[in-house]
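Trainee: Pasting a structure below so you can have a look.
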Amino acid sequence: MDKTQVKTVSEPSSRTLSVNEDQPIEKAIRQFVKQPDVHTLFIVDDKGKLKGLVKLHYILNWVKLKLNMDVANRSNMRVAGAFQAFEIMKLCQSQTIGDIISETPSVKETDTLDQALHIMVHEQLVELPVVDGAGKLIGEVKLTHLLARMLEDSPDSEPICKI
């Protein structure tokens, strides 16, 4: 798997959930609803260039705010502190999906599956955007596809992880 390229498991952008950064949040949520197996919404500009992402849990926090539900996680409040307050303020003031995006790493089709898996584990992503040389979104890699490939490449008698 170490030299296998991302393009062997990536899905084309036609099957990737992406929206323009200027779309209202409600419209983006409607697209999420149509694809219940998606956990990440990729945000692009008018030219299709990747701007960032919005994870499903962030949309859930936005919905909680709209329903006047408590967004703060009390068990982490001392640790999160100012960051949690900033995130809640950001959600309250947001109008478009571009208002709530997070930066995201990406890979190119020629990057290796090992590189993609390392990024996904480090960033806790289940879907990773694939971009071309100009940064245009051309697809995605799903964690389930990477794990399936890893298991496929590993003989049953050999452990996947060597400590």
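Trainee: Tell me, in nm to one decimal, what length is gained between GLU152 and THR110 on full extension, where the rule is 0.36 nm per residue of separation less the Cα-Cα distance?
Mentor: My answer for the length gained is 13.1 nm.
Trainee: Follow-up. Multiply the residue separation of LYS136 and SER14 by 0.36 nm, subtract the distance between their alpha-carbon atoms, and state the gained length in nm to one decimal.
Mentor: 42.6 nm
Trainee: Work from the charge dipole of the stretch 6-153 (Cβ charges, +1 for Lys and Arg, -1 for Asp and Glu, about the Cα centre) and give the residue of TRP62, ILE97, VAL19 farthest towards its positive end.
Mentor: TRP62
Just so you know, all these numbers are worked out from the coordinates, no wet-lab data involved. The structure displayed is predicted, hence computed values, not measured ones. Positions of Cβ are backbone-derived with ideal geometry, glycine not excepted, and every protein chain shown enters the neighbour counts.
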